[in-house]
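A quick write-up on the structure given underneath.
The values are calculated or read from the model by the stated rules, or taken from the named source; none is laboratory data. Being a predicted model, the structure only gives us computed values, none of them experimental. Please note: Cβ atoms are built from the backbone with ideal geometry, for glycine as well, and neighbour counts cover all protein chains shown.
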Amino acid sequence: MPRKNDIVSLEITALTNEGSGVGRLPGGMVVFVPDTAAGDVIDCRIVKVTKNYCYGIIERLETLSPKRCEDNCPVGRKCGGCCFRHIDYVHEAAEKEGFVRDAFERIGGLSPEFLPIIAADSPDRYRNKAQFPVSADESGELYAGFFAKRSHRAIKAADCLLLPEEFIKMRDSIIGFCNETGVSAYDEQTGEGLLRHIFLRRGVHSGEIMAALVVTSDECKELFTRLSEKLAAEFPALRSFLLNINPDRTNVILGTKTLTLFGREHIFDTMCGKTVSVSLHSFYQINTVQAERVYRQAAEFAGLTGGETLLDLYCGAGTIGLSMADSVKKLIGVEVIPQAIENAKANAAANGITNAEFICGDAGKAAKILFERGERPDVIIADPARKGCTRDTLEYMAKMAPSRIVMISCNPATAARDCAILGELGYKTEKCRAADFFPRTNHVECVTLLTRGQIGVCGG
């Protein structure tokens, strides 16, 4: 049994879906080591020992894996956002494809046809949204960086390779203005200070930018109006500058009150050729290009011919369903967040879509209501949060007896669980495709096709 601070020789043979390398000591004890790649041979310092496994850190790299590349982010290990930046992207995508396959086979007991991963064209500068926590250093100067891994301690970061360069320039301009004018940073410990977060959004196709400051009060409204005018002169793409008021002692970023200081309260973008209005509170996929690719794959799985009724559960602002509205007879969208439903209705109107109905409500309860009113959609698309679908939701999905169900998931483990439950209810998991929305991080999505069999609880 190894002990803490022992130095051991270790070959890394695999990666976990959290980004740590996996090696085994003589006797079979597993050691998890961050910042490693399959094929590395290292001297490893044991830092924690449990009954069944250990955690270690690299003491020295003896042999470098051919899967490695240069880690070009100076703050990545402090930030903790990019656990795969030291691995060549081709191999990262292959690992993520394996994570999805493993979840479906091991957790779900399923063996669909696995299609090649939808990898990104570039692993950098893909995010269309940024949230910078604001803090002050020892001298009182404000800075906006990122929270350190598993903490609420903001670290300085001159750049982030996941963000557009324009975001970094705008952030720095805002911080410069705030330092010049004496704006104070919010302190989570004391609850004192004004500026909490800088929030930025950008339409990838439109180029339009939204900037929002999250503050504890609107006492400096006039000052920040001056800032909005300064930014508008510096950044011609700025279309919206907002002041979001959050006075609460909470780690929730956005408050409920928002003032528009410049432009409009939303920006526009396009998603799969449809105009989309994106507000401060809207859910909008972070990686627009990858989202469009996944939506096209979902549409292919859905097999729409023009005469179907399509139910879009967890529809958010309606982007998935609206991207397919031209190919169906009727679209029904369900979302629990009222503002998202209003966004969905506005997006339908902006695109001249008249065959869509949007319902505000919990997915499971709405599915029950739709079943009881006699709705029998031909296809259901479900895009739940990380926790997946509830059992009730899945049961009513099956009771409505669609010929096909398309699941889009940001958590392969819960997707596999939900598909296994749908299997009990008469649906076969036919095809599954991983998709990398967040290169360099440990996140991976998947889109899955299920078809209705001849048996099971498919009433109605």
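May I ask you to verify whether Gly39 is part of a loop (DSSP other than H, G, I, E, B), out of contact with any helix residue (DSSP H, G or I) (no Cβ under 9 Å at 6 or more places or on another chain) and closer than 30 Å to His266 by Cβ?
no
Just the residues that are assigned to a loop (DSSP other than H, G, I, E, B) and within 15 Å of the chain's Cα centre (by Cα), please, taken from the range 282-314. If the condition is that a residue be assigned to a loop (DSSP other than H, G, I, E, B) and within 15 Å of the chain's Cα centre (by Cα), then Ser282, Phe283, Tyr284, Gln285, Ile286, Asn287, Tyr314 are the ones that fit.
Does Arg226 meet the test of being among the basic types (Lys, Arg), out of contact with any strand residue (DSSP E or B) (no Cβ under 6 Å at 6 or more places or on another chain) and outside the structural domain of Val444 (by TED's automatic domain parsing)?
It is true that Arg226 is among the basic types (Lys, Arg), out of contact with any strand residue (DSSP E or B) (no Cβ under 6 Å at 6 or more places or on another chain) and outside the structural domain of Val444 (by TED's automatic domain parsing).
Taking the stated definitions as given, is Val214 in contact with a strand residue (DSSP E or B) (Cβ under 9 Å, 6 or more places away or on another chain), outside any loop (DSSP other than H, G, I, E, B) and outside the structural domain of Tyr143 (by TED's automatic domain parsing)? No, not satisfied. The C-beta contact set for the range 172-186 (first residue farther than 13 Å from Ala211 by Cβ and in the same structural domain as Lys156 (by TED's automatic domain parsing), second residue outside any helix (DSSP H, G or I) and of a type in the set (D, E, K, R), distance under 7 angstrom, 6+ apart or interchain) comprises Asn179/Glu141; Tyr186/Arg196. Considering Gly263, Gly303, Gly307, Gly318, the condition of being in contact with a Phe, Trp or Tyr (Cβ under 7 Å, 6 or more places away or on another chain), small (Gly, Ala, Ser) and assigned by TED's automatic domain parsing to the domain that holds Ile405 is satisfied by Gly318 alone. Applying the condition of being touching a helix residue (DSSP H, G or I) at 6+ places or on another chain (Cβ under 6 Å) and outside any helix (DSSP H, G or I) to the range 153-179 and asking which residue is modelled with the highest pLDDT yields Asp159.
Scan the range 312-322 and tell me whether some residue there is buried (at least 16 other Cβ atoms within 10 Å of the Cβ), touching a Gly at 6+ places or on another chain (Cβ under 6 Å) and on the phi > 0 side of the Ramachandran plot. Yes.
Criterion applied to Glu18, Glu59 was being modelled with pLDDT of 95 or more, acidic (Asp, Glu) and not assigned by TED's automatic domain parsing to the domain that holds Lys156, and the one residue passing it is Glu59. The residues of the range 70-93 that are out of contact with any Lys or Arg (no Cβ under 7 Å at 6 or more places or on another chain), farther than 27 Å from Asn5 by Cα and crowded, with 17+ Cβ neighbours inside 10 Å, listed by number, are Tyr89, Glu92, Ala93. If you filter the range 213-246 down to residues that are of a type in the set (Gly, Ala, Ser) and more than 22 Å from Glu188 (Cα to Cα), you find that the one that is surrounded by the most Cβ atoms within 10 Å (Cβ to Cβ) is Ser240.
Identify, please: which residue in the range 15-56 is within 29 Å of the chain's Cα centre (by Cα) and of a type in the set (S, T, N, Q) and is, among those, nearest to Phe438 (Cα to Cα)? Looking at the filtered set, the residue picked out is Asn17. A single entry from Arg404, Arg391, Arg373 fulfils the requirement of being modelled with pLDDT under 95 and over 22 Å from the mean Cα position of the chain (by Cα): Arg373. Quick check, is Gly388 out of contact with any Ser or Thr (no Cβ under 9 Å at 6 or more places or on another chain) and either of a type outside the set (S, T, N, Q) or surrounded by fewer than 24 Cβ atoms within 10 Å (Cβ to Cβ) (or both)? No: the conditions fail for Gly388.
The strands (runs of 3 or more DSSP E) found entirely in the range 354-425 include none that carry 2 or more residues being of a type outside the set (Gly, Ala, Ser) and outside the structural domain of Gly316 (by TED's automatic domain parsing). Remark: pairs (first residue in the range 384-407, under 14 Å from Gly423 (Cβ atoms); second residue surrounded by fewer than 19 Cβ atoms within 10 Å (Cβ to Cβ) and among the polar types (S, T, N, Q); Cβ separation under 9 Å; 6+ apart in sequence or on different chains) = Ile405/Thr451. Scoring Ile168 on the criteria (1) without any contact (Cβ under 8 Å) to a residue 12 or more places away in the chain; (2) in contact with a Phe, Trp or Tyr (Cβ under 6 Å, 6 or more places away or on another chain) leaves a single failure, condition (2).
State whether the residues of the range 136-146 include one that is within 25 Å of Ser20 (Cβ to Cβ) and at pLDDT below 95. For the range 136-146, residues within 25 Å of Ser20 (Cβ to Cβ) and at pLDDT below 95: present. Got at least one residue in the range 126-146 being among the hydroxyl-bearing types (Ser, Thr, Tyr), within 30 Å of Ser282 (Cα to Cα) and not in a strand (DSSP E or B)? The answer is yes; a qualifying residue exists.
Within the range 395-415, none of the residues are under 18 Å from Ile320 (Cα atoms), surrounded by fewer than 19 Cβ atoms within 10 Å (Cβ to Cβ) and of a type in the set (Lys, Arg).
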